[in-house]
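Everything on this sheet refers to the single structure shown next.
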Amino acid sequence: MLQELATKNAGGLKEFDWASFRKDVEAVQLAKGQNKPMLMRLDMLESFLNLSGSSPKILTGKPGILTIVDLTDPVIDPESFCLLLDTCFLFFLSQTSCGKSIALEEAHSYMTESSTTVVQFMNRLPKTIREQSANGGETRFASGMSGEQ
């Protein structure tokens, strides 16, 4: 039901309207006892949304500024890691007009599974590196294992 509501605007191809979605969800007649948990989940999700209408440009590189995205977390699985990193790449590369340098430290520890998400990310990574190289960008891979025994 939620997926149907979320994709009702041209099959999910148009801009998602949170307020309209929330209104539609609240209008659905759920079984007794399901409304309160559903509203709690919507409230929690809404707490992560920027509903002010302003769109801050996150991860926009500026000359002389280093932006670090640390995705190290024991609860992040390889699929989530690749999705988050791909999203960070998308924002950073599309919004940054100055020279770019991307360093992936210890990323290999998350890229060991053969899930669809990880494979898709790994297949896109060389293209991203080639494009950035053609535009004067650099990509570096680092591992703390080289000095360990």
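Considering segment 48-81, and only residues there that are among the polar types (S, T, N, Q) and within 17 Å of the chain's Cα centre (by Cα), the residue that is modelled with the lowest pLDDT turns out to be S55. Residue pairs whose Cβ atoms lie under 8 Å apart, separated by 6 or more positions or on different chains, with the first residue in segment 87-109 and closer than 16 Å to D77 by Cα and the second surrounded by fewer than 16 Cβ atoms within 10 Å (Cβ to Cβ), are E106/T72; E106/A142; E106/S143; E106/G144; A107/F141; H108/F141; H108/S143.
Being at positive phi and assigned by TED's automatic domain parsing to the domain that holds T139 is true for just one of E106, E79. Which residue is that? Just a single option satisfies the conditions, and that option is E106. Only residues that are farther than 21 Å from K127 by Cβ and surrounded by fewer than 12 Cβ atoms within 10 Å (Cβ to Cβ): list them for segment 59-97, please. K62, P63, G64, I65, L66, I68, D70, T72, D73, P74, V75 - these are the residues of segment 59-97 that are farther than 21 Å from K127 by Cβ and surrounded by fewer than 12 Cβ atoms within 10 Å (Cβ to Cβ). Taking segment 97-122 as the range and being part of a helix (DSSP H, G or I) and either more than 15 Å from T87 (Cα to Cα) or of a type in the set (A, V, I, L, M) (or both) as the test, the residues that pass are A107, H108, S109, T116, V118, V119, M122. Consider segment 95-149 and keep the residues that are among the charged types (D, E, K, R) and out of contact with any strand residue (DSSP E or B) (no Cβ under 8 Å at 6 or more places or on another chain). The one that is modelled with the lowest pLDDT is E148. Of everything listed in (1) in contact (Cβ under 8 Å) with a residue 24 or more places away in the chain; (2) under 20 Å from R140 (Cα atoms); (3) assigned to a helix (DSSP H, G or I), the single unmet condition for G61 is (3).
The values are calculated or read from the model by the stated rules, or taken from the named source; none is laboratory data. Predicted, not measured: the structure shown is a model, and the values here were computed from it. Methodologically, a virtual Cβ is constructed for each residue, glycine included, from the backbone with ideal geometry; neighbour enumeration extends over all protein chains shown.
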